Amino acid sequence: MSPSLVQTGLLVGGGYVLLSIVRRIFSSSPLDTIPGPPSHSFLFGTSPGNLKETHDPDGWEFQRALEEDYGGVVRIRGLLGSSSLFVSDPVALHSILNKDIDIYEEGSISLSVNMLMFGRAGIFSTLGDDHRKMRKMMVPAFSTANLRGMISHFYEVAEGVRDGLLAPQVARGAKEVEMASVFTRTSLELIGRSGLGYSFDPLTLDCPRNEYAETIKNLTSVLGGMAALMPLVPTVMKIGMPSFRRWVLNMLPSKTLHHVRDMIDLMDHTAQEILKGKKAALLSGDCESQEKMETGTDILSILLRSNLRADDSSRLTDHELLAQTSAIIFAAMDTTSSGLSRVFHVLASHPEVQEKVRAEILEATAHKEHGHLDHDGVVELPYLDSVLRETLRLYPPVSPGVMRETIVPAVLPLTTPLTTTDGRTIQSVAVPKGTTVWVAIAKANHDPAVWGPDAREFKPERWVNGRAGNKDVKMPGVWGGTMTFIGGGRSCIGFKFSQLEMKVVLCVLLRSFRFSLSDKEIKFRMGGGITGPSVDGEAAMPLLVEKV
């Protein structure tokens, strides 16, 4: 690549960034009168910096202030004085996720980061009709009928964890076990076997390190640590061709960026290997290989079979299939690991709840072969369902929320009128084009107007037949009125899959082990948008484990 071409690219890119900065400095916004935390920093926004506080792994006090001190729409200052909205109002969320979904698209920051990780063809990296095409092809793989076939994979993995990772450690009595790494390995193997028909991990103590699992956890953590730079990613993605951006990245003297590059490369190469093997088996002349693919109950096998039968306008290309493979692994692993860690920590913190869940499981499985319940049997355990719903309501794995961005000017309706900083009462908010809008998942899940004055308390009994909260004021969430899996056309397509795999793990492990808190203080941190347990700043969740 010639020096003149490099200089031209850097000059154009620098000019684009400078123009963006000038526009931010000299523009005002109609959002300036929406109440929000005070701003003392022009560069980073809300004191001592919105980007720092919103993305702070330990920023729970800031998030609680947003929940308790402001209404359903909060103005937050961002980079160079820009305004974004933090939204938990039910009607406003319905507008964002359902009614006006084509106006509120995936935010440019998250979209650009997804493009970096999964390419431009992934379900998380596309908008509009392209996204709907991919979603239409993938959703049937997560149907109840297919979940019934996948449950055997869930039991295989859960029993592998029981027999290979936990039982050997507690054979001679109760022992402190580092459960965060256990659940990381569990969640990767769950999506490996049931999502891809592929095994990542033998689930044995003599093979503790899994490079792929560590890559995904590290990538999430590293990206979370780079939160202050994320607003620059959309601009960077517009500079030159991918090969040019790759060349510039290679030249930059940054170990962190090179580490991110290498982790993304590993994810891509692994997805290529898995997809190549699947397609070869499906198209081979070998009867046994073809039969396995034709009867495979994993998500990727189902997707490939559906794709072969699809018409030309709906069929996914090899490039698109590759992107979906990486996206399936990444999305399912970290959130499931977070959810499992949280629910077992809750059960260790509430031993009376744990005993009640265990009693329900033991009674239901008493006369079942190998203690296995079928799909309906697992789903119909009422107290287990209530505990999982309440845990994921109170502690959603994705926190504080997800970002959207207005592609045209919009009007955001409100459930409750809002008083502006200049004393006006408004029933809606005028939102300029290009505004970042947060779907405030945790704030919505803790809204007293929906869940009652005890909204921040752990109360599984609030759930009756899978429902809870105010019948007259409902969040537009896809699962029980919570925003945990958000809602609308970009809701989590695997939310039933995720619940079922966590329930099976709970059924298997609680039948065999009791979990208690150790003397180490466990804190949950927000890293890259996913919460996870830590001890002294390092990812860990030591629990006392003993055989029942």
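None of the figures in this text is laboratory data; all of them are computed from the coordinates on show. Everything numeric here is computed off the predicted structure, so don't read it as measured data. Reconstructed Cβ throughout: ideal geometry from the backbone, glycine too, with neighbour counts over all protein chains shown.
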Cα-based reach from Lys503 at 20 Å (exclusive), listing lysines while leaving out same-chain residues under 8 positions away: Lys356, Lys368, Lys459, Lys547
Is it possible to state the helix-based mean residue ellipticity at 222 nm for the chain, with each DSSP H run of 4+ residues giving -39500 (n - 2.57), the sum divided by total residues, to the nearest 500 deg cm²/dmol? What is it? -15500 deg cm²/dmol
Between segment 477-519 and segment 335-363, what's the alpha-carbon centroid distance in Å? 11 Å
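Which order do Met475, Met251 fall in if you start with the one that has the fewest other Cβ atoms within 10 Å? Walk me through the numbers before you get to the answer.
On the way: Met475 26, Met251 9.
The order, fewest Cβ neighbours first, is Met251, Met475.
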Cα to Cα, under 28 Å, and not fewer than 8 places away if on the same chain: which lysines meet these conditions relative to Lys278? Lys133, Lys136, Lys217, Lys292, Lys496
In whole angstrom, how far apart do the alpha carbon centroids of segment 135-150 and segment 238-266 sit? 36 Å
Candidate aspartates and glutamates for bridging to Lys433, where Cα separation is under 16 Å - those fewer than 8 sequence places away on the same chain excluded: Asp32, Asp100, Asp102, Glu105, Glu106, Glu405
HN-Hα couplings for segment 319-330 via Karplus (6.51, -1.76, 1.60; θ = phi - 60°), in whole Hz with x for Gly/Pro, come out as 5, 5, 4, 4, 5, 5, 4, 4, 5, 4, 5, 4
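Got a sec? How would Val346, Val439, Val139, Val74 order by Cβ neighbour count within 10 Å, fewest to most?
Details: Val346 19, Val439 29, Val139 11, Val74 24.
Ranked by crowding around the Cβ, least crowded first: Val139, Val346, Val74, Val439.
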Assuming a ≥ b ≥ c are the square roots of the Cα gyration tensor eigenvalues, decide whether the chain counts as rounded (a/c under 1.5), prolate (otherwise, with a/b larger than b/c) or oblate. oblate
Multiply the residue gap between Ile426 and Lys99 by 0.36 nm, knock off their C-alpha separation, and tell me the result in nm, one decimal place. 115.7 nm
